[in-house]
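Contents: one structure, followed by commentary.
What follows is calculated from the coordinates using simple rules that are stated; it is not laboratory data. Quick caveat: nothing in here was measured; it's all calculated off a predicted structure. Cβ: placed from backbone, ideal geometry, glycine included. Neighbour counts: every protein chain shown.
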Amino acid sequence: MLHGIWLRDCATDSQKELVAMKDGKWPTIADIIKEVDSQCEQPFFEPKYKKLLGSLSSLTHGLSIQASMRLRQKLLAIEPTQEELTFLLQEICVFAILSNLAIAEIIENQENILNFTNMFEELVEIMKLNNYKRA
């Protein structure tokens, strides 16, 4: 999602050409976030992702979070706790809503922009009510 927003709103023509090549060169996710946020009235992604980048990388690349979710006593198993499932489901919802919001913005569908913005705000409130803590 962030890569798409960056391509649409921030990348120069030469950067787009580099990315379009096989095994293209992308900026780091930290640089992408910084550039995307520079297009906003106030930073949106950087405050959220500053705390999450390690966790997201660990989830994506099968590092410590993946291992800790599977380690039960002396066995590796896929038996997530309710707290782990809640964390994952809420993260999935956040990314799904933000991805759809980005698509709605790209195609300039004002009705869907409003709907997904409202959904995101409702999800944030639910997460606050549940004392949601990110890893």
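For the range 82-134, with only Lys/Arg (+1) and Asp/Glu (-1) charged at the beta-carbon, what is the dipole magnitude about the Cα centre, in debye rounded to 20? Each step should come with its number before you reach the end.
Numbers: 3 positive and 9 negative charges, 42 e Å.
Here the range 82-134 has a charge dipole of around 200 debye.
Note the full-extension length gain between ASP23 and LEU2 as 0.36 nm times their separation in residues minus their Cα-Cα distance, in nm to one decimal.
5.8 nm
What nm value, rounded to one decimal, do you get for the distance between THR117 and ASP9 when each label is placed 7 Å out toward the C-beta?
The modelled label-to-label distance comes out at 1.2 nm.
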